[in-house]
Each structure stands twice: as C-alpha cells, then as structure tokens.
Amino acid sequence: MNNIYELASDDKRKKPWQHVTSAQVREAIKGTLLESVVEVLESVSNPKLPLEITLPKALALAGAALSQPVKDYDKSDMSRQGVDWLKVRINTAGGQACNIWSLIIGETASGKDMGRIVPKISSTRNLSLGSSGSAEGLADALSDNGGGLLCISELRPFLDKRCWQHKATSFLTDAFSSGSFKVNLSKRTSEARQSNFAFPSILANVQPIILAEYGDICSVEDGFLLRYLISVVPASTSLIRPVTEEICCSKAEDAIDVFMDTNGLVLVPPNYLADLYSTLVSGDAEALPYSRRLINEYGPRIATILSVEKEVSPPIIDASTWKKTELILLWFYTMAEQVLLEFEIDVRQRQRERKLARALKYIQKHSPCAKSDFSHHQVRLGDSTERDRLLNELEERGVIKLFRDNGKTILAISGGPKVDCPF
C-alpha cells in the first residue's frame, strides 16, 4: 500500500490526489465491515449506486454506531461531559468520537435517496434522530439520543437564512465535537436545554443548484460546510432504476451491530497522517483549511471504522490501515476542493452582483445624479476604489453612462440591459 495515491498518468497537470479513483477506494475498504454496508447500499439500483453515494452513507451510519455512550450512561450526571461517556474514544485532543457528517452533492434523480436503507437501519438500531427539525427539536432529540444520526434529504432549509431550520446550523456545528451542550434557543422561555452527551452524525443531500443558490460564504467560514465529508455524484447519462426484487439488509445490519458492540480506547500515533499533509502542501492544495479538518478529525475516525472487527475491542489501527485511510481522505479531498473553490467563486460573484444592483438602484432613482452624491449615500458599497470599479462595470455593461458636466462627473441611466441579480 506504499504511496498508493502516487499513480502514473499521461496528464502531468493533475495533482497527486486527483489521480485517486473510486476503484482504488473500493479496494481500500475491501474485506472490512464498512464494505459490507456499502454492498447493501449499492444493491438498491440497477446499475449499482456509485461509491460517491454509498460510501458517505456507510460512513455516517458506522460513525453513529460507534458514537454511543457507555452502558452506565446517566443523562442527569453533569459531572461527566461529552467524551467521558463515550463507549469508543479515540485518544486525540483529550478524546474524540467517531461521529461523521456526510454531504452528498448530486442532481435530482441521481439515486441519492434511493432505497432508504440508512433511515431503516438507523431506526431499528435506535440511532435515528429523524429527518430534519428546528434547533429546539434537534436539541430535544439529542438530549434523548446523543449519538444519533440525522438524515437530511435536502439541505436547502438549513442553508436558507429565511427558513427556521437555519438556526440549527450553529447549534449543530457547536455540537459536532464539543460532546455536550447547554443552550437557550427559544425567546419564549428562559429555560436552557442541555445534555452531557451529544455527538450527532449527519447524512445530508443537496443539489448543486441549491448549494449555489442558498449557500453563502458564512456557511463555509462558520464551519458548517467544512464539517462535512463532501462527495460529488459523478455525472451520468445512465438511467438509474430501483431494483424490483426485495433488498436483503441483514449483511449491513450485522455489520452495524458489530460497530455498536465495539468499545474501548483507540490509540493513534502522535504524527498520524503527517505524510498526507506534506503531500497536499507540496502539491499546492487550494483548500488547506478543509484538508486539516479531514486529517485531524476524519482521519482517525475513518481509520477506526476500517479497523473494527467482530469481538475485537478496542480496534487496533495498523500501518496498512493508515495508508488506506490516506487514500480515502485524498478521494474525498479531491471532490471537496473543487466544490469549495467553485462555491467561493460563485458566492463572491453573487455578493458583487448584489452591490452592482444596489448601485444601479440608486442611480435609477436619482438619474441623472452627481457622482459625489452617489459616493456620499453609498459608502456601504466599499471605499472609493471599490465604488469606482462598480460604476465602471455598470458602464461596461451598458446600463449607465458617465459624463462630465460643469466640472462634475454625472451618472445617468443609459437604457441598456438590466443587471442580472437577485436583489
């Protein structure tokens, strides 16, 4: 497994991680309990669902199964918090859970929700937190089932600031690794909701157009989107059809039962995955903050999941498993890097379009008007250099004209096309 991701290629412009294929990732999970879950998840369609759908689902389900409290857990005992109650604890940063957030980005009818196997298994194993909810509802659910799995069929309400589910994003982000919470989420009551154990896992789907429309840069900067393992469903012209025969889930259910029976302290070496980070840095990776989260948090989690065996507790992570983990992380990183770069560009462009629309709205209302008056009333658009850039762009688009009159620069509507912008 040495340097498994350093593959020969005719395309020298590709970075090392961009050579990683789904076939190699499939080989990396071969013989593990995780593979057993993937095989059931992919069997719901013809042709089989791609690994970009099934692996994130399997990881979220396995992560929830491993993020359960010890048998003597007492929700009323506030002297022990978070990691103190974990049945499986990774020895990083004082203790880390195995909970996983997976985000699958794919077009409608791409098979993201086909089969509903994950909700079924999570429900029968008492791992389910439901499908969505307000921050208040999720806090209540986590108080009862702190290591549960939240399945979100469409992430839009959580990204749209106008939806009540959006308030849950900050709460979920805090709960991801803190392991406990005490929060007042309602203006109608001063009573705080609290729990001494909260390590939620999430399986979420979103369409690319929805992410582009409703996501904003704050979703990245506040850590909500960066918390996810990001997967992109490959474009395909094939018609993915659900199978007509009955789906047998026993293989996946048996695997999840093993995850739930696992316990103990998982040991991780001090410099785990250091070579992986060096590869990303030397290869000019463009989403290094995301890569650091992958390595620091998801690296140990995925390595633990790959190492789980029946009647073996705690899991022991060997050198070959770390190499397989490197490969899987690079596979996820490749997809996430492109998504985050395109998302950031798209978001910043939309922010600029809003500025252009605001500038145009003022000019339309006051046309013709002096540039000095525009600058005085539109200081929120930026400094003088930024305002000049906006005016120049509006002029280049043909929607306004600038001319001199009595020593003043005048702005006026030119009758050109409108600025295409959601204002």
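The values are calculated or read from the model by the stated rules, or taken from the named source; none is laboratory data. Because the structure is a prediction, the values reported are computed rather than measured. Because the Cβ atoms are built from the backbone with ideal geometry, glycine has one as well, and the counts that use them run over all protein chains shown.
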### Task
Among residues belonging to region 70-96 that are at pLDDT below 95 and in contact with a Ser or Thr (Cβ under 8 Å, 6 or more places away or on another chain), point out the one that is surrounded by the fewest Cβ atoms within 10 Å (Cβ to Cβ).
Lys75
### Task
Within region 283-306, count every residue that is of a type in the set (S, T, N, Q) and in contact (Cβ under 8 Å) with a residue 60 or more places away in the chain.
2
### Summary
Within region 176-193, residues within 26 Å of Ala64 (Cβ to Cβ), assigned to a loop (DSSP other than H, G, I, E, B) and either over 26 Å from the mean Cα position of the chain (by Cα) or at pLDDT 75 or above (or both) come out as Ala192
### Message
Looking only at residues that are closer than 30 Å to Tyr228 by Cα and in contact with a Gly (Cβ under 9 Å, 6 or more places away or on another chain) in region 339-367, which one is surrounded by the fewest Cβ atoms within 10 Å (Cβ to Cβ)?
### Response
Asp346
#### Entry: Residue ID - modelled with the lowest pLDDT, chosen from residues in region 293-316 that are in contact with a Gly (Cβ under 8 Å, 6 or more places away or on another chain) and either under 18 Å from Phe224 (Cα atoms) or surrounded by fewer than 23 Cβ atoms within 10 Å (Cβ to Cβ) (or both)
Ser313
### Task
Could you grab me the full set of residues in region 118-138 that are in a helix (DSSP H, G or I), buried (at least 18 other Cβ atoms within 10 Å of the Cβ) and out of contact with any Cys (no Cβ under 6 Å at 6 or more places or on another chain)?
Val118, Ile121, Ser122, Ala135, Glu136, Leu138
### Query
Yes or no: Ile328 modelled with pLDDT under 95, part of a helix (DSSP H, G or I) and of a type in the set (Val, Ile, Thr)?
no
### Query
Restricting attention to region 390-419, and to residues there that are surrounded by 16 or more Cβ atoms within 10 Å (Cβ to Cβ) and among the basic types (Lys, Arg), which single residue is nearest to Arg354 (Cα to Cα)?
Arg397
### Task
Could you tell me which residue of region 368-387 is nearest to the chain's Cα centre (by Cα), considering only residues that are outside any strand (DSSP E or B) and surrounded by 15 or more Cβ atoms within 10 Å (Cβ to Cβ)?
Leu381
### Message
Could you go through region 267-286 and let me know if any residue there is modelled with pLDDT of 95 or more, within 19 Å of Leu55 (Cα to Cα) and either more than 24 Å from the chain's Cα centre (by Cα) or in the same structural domain as Val37 (by the TED database) (or both).
### Response
no
### Summary
Screening Glu395, Glu342, Glu386, Glu353 for residues that are at pLDDT below 90 and in contact with a strand residue (DSSP E or B) (Cβ under 8 Å, 6 or more places away or on another chain) leaves only Glu395
### Summary
Residue set Ser170, Ser153, Ser178; condition under 28 Å from Arg354 (Cβ atoms) and either in contact (Cβ under 8 Å) with a residue 40 or more places away in the chain or outside the structural domain of Val37 (by the TED database) (or both); output residue Ser170
